[in-house]
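Below is one structure; the comments refer to it alone.
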Amino acid sequence: MALLNVNIDHIATIRQARLTDEPDPVWAATECELAGANGITVHLRQDRRHICDRDVYLLNETVSCKFNLEMSMTESIVKIAEEIRPDQVTLVPENRQELTTEGGLNCAANKTRLAEVVKRMHKKGILVSAFIIPDKEQIDASAETGCDAIELHTGMYANAKSQKQAEKRVEELITGRDRAIEQNLVVHAGHGLTYRNIAGVASISDMCEFNIGHSIISRSVFVGIRQAAAEMIKLIDKFSK
């Protein structure tokens, strides 16, 4: 059965809108844990537009469940990961102008750097996942460079304009999952997943974790983050195999 990691970046987005000290991502993480979340995910961006260094250090000390740090392979960020030693890092591409992460990491074109970062993370006892599109070349490159897991990019599924398109994207994810399992990779998924579309991917067997943020934070405005996370967990449990 798949598990939920809650991405709490946008708790920090609200805080940074006023450059104040609330809402507190640490408090949000605790509420998500009380709801039964498997893990807490944050993305420490180079421009620190939401999550900042202090958040990462505090969360690493206080999160009791899995702490997953999304990050680019930029040297300054890699060094922070080496210092704090989160349970897992998820390596993502990063464009300073993007609203959210666009596309997947090009593992095939960056195998040398990726292998180096993976080796450094493993030396610190950190699991490594690569955020990639469900493409054979990218999956194979993730395995060849020593990644422990991949997170399949579900954005194209989430943005499908018709049921037929969505079904096609699900088939691509299934094919990607099969290739990843052949390569002994653990399979995660995320990006653009909501309460309305989670059923289509939660029903794919052998998906171990979903990383979901924006939809849960949006729902939390009306019902509170503990209930919002619990509602997503309930849906994942309902549809996962």
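The values are calculated or read from the model by the stated rules, or taken from the named source; none is laboratory data. Remember, it's a predicted structure, so these values are computed and weren't measured experimentally. Quick reminder, even Gly has a Cβ in these numbers, built from the backbone with ideal geometry, and neighbours come from all protein chains shown.
Here are the numbers for this structure:
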quantity	calculated
Given (1) without any contact (Cβ under 8 Å) to a residue 12 or more places away in the chain; (2) touching a strand residue (DSSP E or B) at 6+ places or on another chain (Cβ under 8 Å); (3) of a type outside the set (A, V, I, L, M), number of the condition Asn38 does not satisfy	(1)
Qualifying residues in segment 186-210 (those that are farther than 17 Å from Lys238 by Cα and surrounded by fewer than 21 Cβ atoms within 10 Å (Cβ to Cβ)) - the one nearest to the chain's Cα centre (by Cα)	Gly192
Enumeration of residues in segment 12-50 that are small (Gly, Ala, Ser) and assigned to a helix (DSSP H, G or I)	Ala12, Ala17, Ala28, Ala29, Ala35
Within segment 177-194, considering residues that are assigned to a helix (DSSP H, G or I) and touching an Asp or Glu at 6+ places or on another chain (Cβ under 7 Å), the one nearest to Asn5 (Cα to Cα)	Arg177
Any hit, segment 71-85, residues being out of contact with any strand residue (DSSP E or B) (no Cβ under 8 Å at 6 or more places or on another chain), more than 27 Å from Glu144 (Cβ to Cβ) and free of Cβ contacts under 8 Å to residues at least 24 places away in the same chain	yes
Residues of segment 3-27 that turn out to be out of contact with any Lys or Arg (no Cβ under 9 Å at 6 or more places or on another chain), closer than 19 Å to Thr90 by Cβ and surrounded by fewer than 24 Cβ atoms within 10 Å (Cβ to Cβ), as a count	1
Residue match in segment 17-37 (condition: modelled with pLDDT under 95, of a type in the set (Gly, Ala, Ser) and in contact with a Ser or Thr (Cβ under 8 Å, 6 or more places away or on another chain))	no
